[in-house]
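S.K.: Take a look at this one; I'll ask things after.
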Amino acid sequence: MRLRFAGVMRREWLHLLVILVQFIPPYTSKPHGWEEIPKVIVITLNKALVFSCPQVYPLFKVLPVVLIALIITFGNRVSRIFDAYVGITYILFAVLQGVAITEEYGLMVITGNLLMMLVVSAVWFWDIVAQENDFTPIKRPLWRYWVVPPAFLAFWFPLNPETLMPDFNPVYLFTNVAGLTFCMMTPVYISILTLYHPNCNTTTLSVTSLAGTIIGFYNMMWFIIFPRRLWWNGILHLPLLTISIYGLALSLIRPKK
């Protein structure tokens, strides 16, 4: 008999926790004023630890493709492996994208983002026990596959790292940083759950989607502030925002008995 997730980790409290951690200011080992918070966040994102390990980028591009193929082929026999992989990557996102070390501020941590991603990681790890993600093949209406093209675009992340302009080099499917980023992998993870909804862990879906919606809105704000430089980056973050909102809405639908 499966353990019911909602009875142990209530989704409402998790939603509240994800929202509340947004108000925790970033940490720097060298003091900064409140007026410097936007600057601290920008520097941390641009100097994050994730940019110091390009040698592992291909690994985190290949592994999700292999896992998706295994889910399609073997279904529930690999559900725990998939849950574990997603949980591990959210820990990596939290640390590698939320932490930087610079001369100006020393150790820098975007505390709210880091804690939120750890909460998302926790709900994926819990499903290893709860086993509510059911990847048994089901018939789906054709329209449900609308998430696939934008999720693929996010995973590809066809952006030139120097100019931040469009660059549809197919090599990026295997070599760029997207596999180690919250913004590009979250649409992929949510898309998989939506394609198996309602036979998925709706708490995992809702918490992940809420976090994705929040980060998606943050990225749209940067796009609005710097439209000339970040217009393409903003478009590449639309899958995160739209798929997250869709996943959040879908998680609130009670399936007919």
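The values are calculated or read from the model by the stated rules, or taken from the named source; none is laboratory data. These numbers come from a predicted model, not from an experiment. Here Cβ is always computed from backbone atoms with ideal geometry, including for glycine, and neighbour counts include all displayed protein chains.
S.K.: Given the criteria over 12 Å from the mean Cα position of the chain (by Cα), β-branched (V, I, T) and farther than 30 Å from D134 by Cα, does I224 qualify? Don't jump to the end; show me each part of the working.
M.R.: Details: over 12 Å from the mean Cα position of the chain (by Cα): yes; β-branched (V, I, T): yes; farther than 30 Å from D134 by Cα: yes.
The answer is yes for I224.
S.K.: Follow-up question, since we're still on this one. What tally of residues in segment 18-43 results from selecting those that are in a helix (DSSP H, G or I), loosely packed, with under 15 Cβ neighbours inside 10 Å and touching an Asp or Glu at 6+ places or on another chain (Cβ under 8 Å)?
M.R.: Counting residues in segment 18-43 that are in a helix (DSSP H, G or I), loosely packed, with under 15 Cβ neighbours inside 10 Å and touching an Asp or Glu at 6+ places or on another chain (Cβ under 8 Å) gives 0.
S.K.: Could you grab me the full set of residues in segment 44-58 that are out of contact with any helix residue (DSSP H, G or I) (no Cβ under 9 Å at 6 or more places or on another chain) and either surrounded by 14 or more Cβ atoms within 10 Å (Cβ to Cβ) or charged (D, E, K, R) (or both)? Quick ask: steps written out before the conclusion?
M.R.: Taking segment 44-58 first, the residues out of contact with any helix residue (DSSP H, G or I) (no Cβ under 9 Å at 6 or more places or on another chain) are 46-47, 55.
Across segment 44-58, the qualifying residue is only K47.
S.K.: Whether any residue in segment 47-57 is more than 21 Å from Y218 (Cα to Cα), in a helix (DSSP H, G or I) and touching a Phe, Trp or Tyr at 6+ places or on another chain (Cβ under 9 Å) is what I want to check. Walk me through how you get there before you give the answer.
M.R.: Residues of segment 47-57 more than 21 Å from Y218 (Cα to Cα): 52-57.
Checking the rest, the ones that are also in a helix (DSSP H, G or I) come to 52, 54-56.
Keeping just the survivors that are touching a Phe, Trp or Tyr at 6+ places or on another chain (Cβ under 9 Å) gives none.
Checked segment 47-57: no residue is more than 21 Å from Y218 (Cα to Cα), in a helix (DSSP H, G or I) and touching a Phe, Trp or Tyr at 6+ places or on another chain (Cβ under 9 Å).
S.K.: Would you confirm whether or not segment 220-238 contains a residue that is part of a helix (DSSP H, G or I), buried (at least 22 other Cβ atoms within 10 Å of the Cβ), touching a Cys at 6+ places or on another chain (Cβ under 9 Å) and of a type outside the set (A, V, I, L, M)?
M.R.: So far as segment 220-238 goes, no, none of its residues is part of a helix (DSSP H, G or I), buried (at least 22 other Cβ atoms within 10 Å of the Cβ), touching a Cys at 6+ places or on another chain (Cβ under 9 Å) and of a type outside the set (A, V, I, L, M).
S.K.: Let me ask something additional. Any chance segment 163-178 includes a residue that's under 18 Å from the mean Cα position of the chain (by Cα), crowded, with 23+ Cβ neighbours inside 10 Å and in a helix (DSSP H, G or I)?
M.R.: Yes: segment 163-178 contains one or more residues that are under 18 Å from the mean Cα position of the chain (by Cα), crowded, with 23+ Cβ neighbours inside 10 Å and in a helix (DSSP H, G or I).
S.K.: Among the residues of segment 122-157, count how many are β-branched (V, I, T), farther than 20 Å from A69 by Cβ and buried (at least 19 other Cβ atoms within 10 Å of the Cβ). Please lay out each step first, then the result.
M.R.: Initially, segment 122-157 is screened for residues β-branched (V, I, T), giving 123, 128-129, 136, 138, 147-148.
If we keep only those that are farther than 20 Å from A69 by Cβ as well, we get 123, 128-129.
Remaining after also requiring buried (at least 19 other Cβ atoms within 10 Å of the Cβ): 123.
Of the residues in segment 122-157, 1 are β-branched (V, I, T), farther than 20 Å from A69 by Cβ and buried (at least 19 other Cβ atoms within 10 Å of the Cβ).
S.K.: Does L59 meet the test of being modelled with pLDDT of 95 or more and in contact with a strand residue (DSSP E or B) (Cβ under 8 Å, 6 or more places away or on another chain)? Reasoning before the result, please.
M.R.: On the way: modelled with pLDDT of 95 or more: yes; in contact with a strand residue (DSSP E or B) (Cβ under 8 Å, 6 or more places away or on another chain): no.
It is false that L59 is modelled with pLDDT of 95 or more and in contact with a strand residue (DSSP E or B) (Cβ under 8 Å, 6 or more places away or on another chain).
S.K.: Go through (1) surrounded by fewer than 23 Cβ atoms within 10 Å (Cβ to Cβ); (2) touching a residue at least 40 places away in the same chain (Cβ under 8 Å); (3) among the aromatic types (F, W, Y); (4) within 28 Å of Q55 (Cβ to Cβ) one by one and return the number of the condition Y85 breaks.
M.R.: The single condition Y85 does not satisfy is (2).
S.K.: Further question on the same structure: Would you tally the residues in segment 227-251 being under 25 Å from N160 (Cβ atoms), within 14 Å of the chain's Cα centre (by Cα) and not hydroxyl-bearing (S, T, Y)? Outline the logic, then answer.
M.R.: Step one: of segment 227-251, the residues under 25 Å from N160 (Cβ atoms) are 227-243.
Remaining after also requiring within 14 Å of the chain's Cα centre (by Cα): 236-243.
If we keep only those that are not hydroxyl-bearing (S, T, Y) as well, we get 236-241, 243.
Counting residues in segment 227-251 that are under 25 Å from N160 (Cβ atoms), within 14 Å of the chain's Cα centre (by Cα) and not hydroxyl-bearing (S, T, Y) gives 7.
S.K.: Taking L114, is it touching a strand residue (DSSP E or B) at 6+ places or on another chain (Cβ under 8 Å) and assigned to a helix (DSSP H, G or I)?
M.R.: Values: touching a strand residue (DSSP E or B) at 6+ places or on another chain (Cβ under 8 Å): yes; assigned to a helix (DSSP H, G or I): yes.
Judged against the criteria, L114 is a match.
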